Amino acid sequence: MMKLRVYEAAEDSLLLAKHVREYAKNAEKILDMGTGSGIQAETARKANRKAEIDAADINEKAVQKLKKKKLKINAFVSDLFSNVKEKYDLIIFNPPYLPDDEKEDFNSEKWSGGKEGIEITLKFLRQAKAHLEEDGKILLVYSTLANPEKLIKEANKLGYDIRNLDSEEFFYEKIYVAVLFLKRHTEPL
């Protein structure tokens, strides 16, 4: 088995955390999928002391690192939703979203989202539907480097509405934070 490294918080994590603070306030059950450094789970905990917060990652090292902090966050190993049984009001996902590139070191499990950069995100969205409460929301990061038009089109086909909340531009890409909800959702965001 390949040794996985823990993804440390970067610009995309900080941009997402701004919105986690707001959306976590009213959620009773929160899942930080692919928790990595644990920044989103920790941000959700600070924003809502009463919420039940789960944090999942394929990397056992990331899970152990978060457990050591003793923040009343239920951290566990899971390959996306393979070990998730619950439904959530809020699911947070900052996926690896860079496309595979033979010339760069983006083929790392920390960054590679697949050939186009959206394959892991689409797999997540297919599985997330079974774990999202009827009025639940997903906070998701995506990049202009990873075929965003196709991602949005496929998310719509899967039954999600997607709305961009924020973005940050860098010299090589633009990163977005979006909120997704199932199309049957009728309440205002």
Separation of the Lys183 and Asn156 label points, Cα + 7 Å toward Cβ, nm: 1.0
Relative contact order computed over the stretch 11-182 (Cα-Cα under 8 Å; 6+ residues apart), in percent: 19
Relative packing of peptides 28-40, 155-167, 46-58, 137-149 - highest average C-beta neighbours within 10 Å first: 28-40, 137-149, 46-58, 155-167
For Lys137, residues with placed amide H under 5 Å, excluding near neighbours: Leu90, Ile91
Gain on full stretching of the segment that runs from Lys72 to Glu134 - 0.36 nm per residue minus C-alpha separation: 19.8 nm
Net charge of Cβ neighbours under 12 Å - reference Ile162; Lys, Arg +1; Asp, Glu -1: +2
Local electrostatic count at Lys87 - Lys and Arg +1, Asp and Glu -1, tallied over other residues with Cβ under 13 Å: -4
Formal net charge of residues neighbouring Ala178 (Cβ-Cβ distance under 9 Å; K, R +1; D, E -1): 0
Charge dipole (debye, nearest 20) of the stretch 11-182; +1 at Cβ of Lys and Arg, -1 at Cβ of Asp and Glu: 900
Antiparallel bridge percentage (DSSP; both residues within the stretch 11-182; nearest 5): 45
Contact order relative to length of the stretch 1-99, as percent, for alpha carbon pairs under 8 angstrom and 6 or more apart: 31
Listed peptides 172-178, 64-70 by packing density, highest first (mean Cβ within 10 Å): 172-178, 64-70
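Where a number appears in this text, it was derived from the coordinates with a stated rule and is not lab data. On a predicted model such as this, the values are computed, not experimentally measured, just so you know. Glycine gets a Cβ as well: all are built from the backbone with ideal geometry, and neighbour counts include every protein chain shown.
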